[in-house]
Amino acid sequence: MFPLSAAFNLHNAKAFVGRGGELAVLRAAVAAPPAAVLVLGEGGVGKTRLVAEALTTTGLPPRRVIVAHCDDLREPLPLGPLLDGLRRHSPSLPDGLDPSIGVFAPYLPALAGFPVPPALNDPRAERARLLRAMASVLAALAPVVVALEDLHMADPVTLEFVAYLAAHPVPGLTVLMTAREPMAVPAAVLRLAPLSPHEVGSLAEALLRRDVLPPVFVTQLFERTAGVPFLVEEVVRSLVERHEIERIDQRPDLLGDVLGDVAVPALLRDVLLWRMRPLDEATRDILGAAAVLGMVAEARTLAVVLGVPVGEVEPALRRAADAGLLHAGTQPPRFRHTLARQVVYELVPEVARRMLHLHCARVLERQVPRPVAQLAHHYRLAGSAADHVRNAEAAADLATARGDDATAARFLLATMDHPELPRRQRARLAGKLGRSAVEGVTQAEAIPVLRRILGDRKLPPGARGELGLALGRMLRQQGEAAAGYEEIERAVPYLTHHGRRARALAILSAPDTVLGRHAEDHLRYCAAAFDAAERSGDPSAMLSVEIAELSLRLELDEPGAWPAVRAALTDERFAAHPRDHLRACLNWAQGALHTGRHDRAAQLLTVARGLPAAAEYERIRPVVELTEHALDLATGHLDGLEERILAFLARPDRLPLTILDARLYLGRLRARTGRPAEAESDLRAVIADAARVGAAWPLIPAHTALAELLGDPAHARTALDLAERKGLPAWGRSAASLLAHLAGAAG
């Protein structure tokens, strides 16, 4: 027998067991900055607890800790979690900092009186300045640890900042992140699994202050909790509070009967229901309203929402904390865990939930400025479609103005769930969605929405053009070459804005992304693009068309193309459009590689690397890397190349349109390094996928590479035929040489 019925000490809930290897990784990162670690694991598995343990380690030099909580209900503000964390920390900053940090003066008391620089016209340049400024602030605080909690709910600029830190390390900075799902950030990844049966036993022993527990009790506890530490703590505490321990003292094998044969979510619900039993009805109502409001239970807001005095709310929150549902001692109080808040939320009857969401929205409407993101959330769950759409659009506009396209797309996608929206309003919102999702990370979700709207025969012509262009661009970026190209072709006649029409036609002038169009077709599209750009009077549209025209001339291997490119590189107009300058260099470098002009590609890539935009625009970095890999392969710099290509393919932030090219380079590399079986498999897979999506490049070079590998003239003839049908003889040059060589060898 074992006396489990000893009083349960809340302090013991802080017991920490296992995780020795994971803890060592985090301690090493904290001790040796700059470093970044992403801790992955399901809810309740102990990610936050592990980070806290690493940060309370003794023996390390003193360092500041900035805790930043990501929240999908946060108002659209780039780097909002970090700014909140810095506000709570209230650090003092030294003199002589980069003047760019003035962009944070409106948000950080420590920068009060610091001159605010004027806004930039280009949202991407503004975002780049924000990244530099935040890096400067953290560098001034070093040594410092930033703990980014719930990264899966972070705004895109916060995610981009983590990538920025990888390219521009800040001395003395360690970033520890937690997330429930894999994230596209460059960091060491630490996957946190549930506890083992032995570790569950150790945790229960610590909680109950026992040296040894019966194996049958530990086994059943593990089976019922699936090794999730949060649930282990809740179950053990519940057993003590229910006085079930007395029964289990006598029969340790009764734990299964006591807990029942239920899944983890149902078990947690039962445990928390028991925890709520001592609470009176008024306290439970206040706790339910707090769960509707969010993770933080702010007494004054709850009092207004419920229409009761704040003097009734505060004692109720203390009673909920005493019952173990809220963190004791935090101001304002917070739910102990998102799982606990979710259970309490689901216990509120649906009709009451909808009414509480509506009351929350009405209270938040009084705030200045209006918290449009929270309003959109509450109105949506209250079932008020018109109010939801109004606030979601406002939140999207705010996000767009701050350069956060992905967040804008997320809000706009939610508006598409209302079938009762008038056609013109739906088309207008979808147009905004299309423009946001092209630059954001929500393309896979936006594509079926835009397709459904374009299927409406009564869609206004202007909307059809804009939505078709956006859909075509998204499809191309997702690797669907022919589908995207054809969608843009269908959209062009409906585009009434000359600048937009010019850019669409410039896309159609690119020959490398589609089969079934001859170079003459691309040249006609290019001429039409020039005409539309002139009509628009938009210098940036004209610059885009000129970049496309020179790209086409390089692909055609025209004698005058290279002198024209060299002259264009000195064009002063690029100074006002740094992203276009970078894009031009990359496009032209790829064109030079496609036609075997490796020295020219190297020169263009050198220029691209030296441009400020190359450092600022993190989204273009994968294209730069892929072009570097192609040049290394072409020029015989093979050391470590396979590892770099495989790492590129494994990265979650790579654009789908780049995957086929990377796989082509991998197959060609393996052919050159004496691994014919792997190379053949790679190249055949590229051919199949490129043919499926209708991508002329890399279909043609993949056939050529396979012909060279196998000594097979059939694949060489296929490559040459495809190049001739495209009207791009330079693309078939290698295949023609190989055919001649094979014929000579046969003769």
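Could you compute the FRET efficiency for R672 and V216, with r as their C-beta to C-beta distance and R0 at 60 Å, rounded to 0.05?
For R0 = 60 Å, the calculated efficiency reads 0.45.
Let me check against my output: what whole-number percent is the relative contact order of the chain, with C-alpha pairs under 8 Å and at least 6 apart?
It comes to 9 percent, rounded to a whole number.
What whole-number volume per residue, in cubic angstrom, does the convex hull of the C-alpha atoms of the range 20-191 give?
113
May I ask for the percentage of alpha-carbon pairs in the range 346-410 that lie more than 19 Å from each other?
When every Cα pair of the range 346-410 is considered, 33 percent fall beyond 19 Å.
Loop-only trypsin sites (Lys or Arg not before Pro) in the range 507-604, please: DSSP not H, G, I, E or B, and at most 10 other Cβ atoms within 10 Å.
none
So for the range 557-637, what are the equivalent ellipsoid semi-axes in whole Å, largest first, each being the square root of 5 times an eigenvalue of the Cα gyration tensor? Could the numbers behind the result be given before it?
Working: eigenvalues 76, 60, 14 Å².
Result for the range 557-637: semi-axes of 20, 17, 8 Å.
When a footprinting reagent is the concern and you count Cβ atoms within 10 Å, what order do F114, F574 take, fewest first?
F114, F574
Report the full-extension gain for the segment M355 to R644: residue separation times 0.36 nm, less the Cα-Cα distance, to one decimal in nm.
Length difference between fully extended and current span is 98.6 nm.
Hey, can you grab everything whose amide H is under 5 Å from the amide H of V39? Only 5+ residues off in sequence or another chain; H modelled, so Pro and N-termini drop out.
Result for V39 returns M177, T178, A179, L190.
Can you bin the range 638-747 into rounded, prolate or oblate? Criterion: square roots of the alpha carbon gyration tensor eigenvalues sorted a ≥ b ≥ c, rounded for a/c under 1.5, prolate for a/b above b/c, oblate for the rest. Please list the in-between numbers first.
Values: a/c = 2.37, a/b = 1.42, b/c = 1.67.
Oblate.
Suppose every Lys and Arg Cβ carries +1 and every Asp and Glu Cβ carries -1, with no other charges. What dipole size does the chain come out with about its Cα centre, to the nearest 20 debye?
Values: 86 positive and 88 negative charges, 205 e Å.
Value, rounded to 20: 980 debye.
Could you tell me whether the range 409-502 comes out rounded, prolate or oblate from its Cα gyration tensor? Rule is a ≥ b ≥ c as square roots of the eigenvalues, rounded for a/c under 1.5, then prolate if a/b exceeds b/c, otherwise oblate.
Since a/c reaches 1.5 but b/c is at least a/b, the shape of the range 409-502 is classed as oblate.
Restricting the count to DSSP beta bridges whose residues both fall in the chain, what percent are antiparallel, rounded to a multiple of 5?
Beta bridges within the chain, antiparallel portion: roughly 10 percent.
Computed from the coordinates by the stated procedures, all read-outs in this text should not be read as laboratory data. Computed from a predicted model, the values in this text were never measured in an experiment. For neighbour counting, all protein chains shown are included, and Cβ atoms are generated from backbone atoms with ideal geometry for every residue, glycine included.
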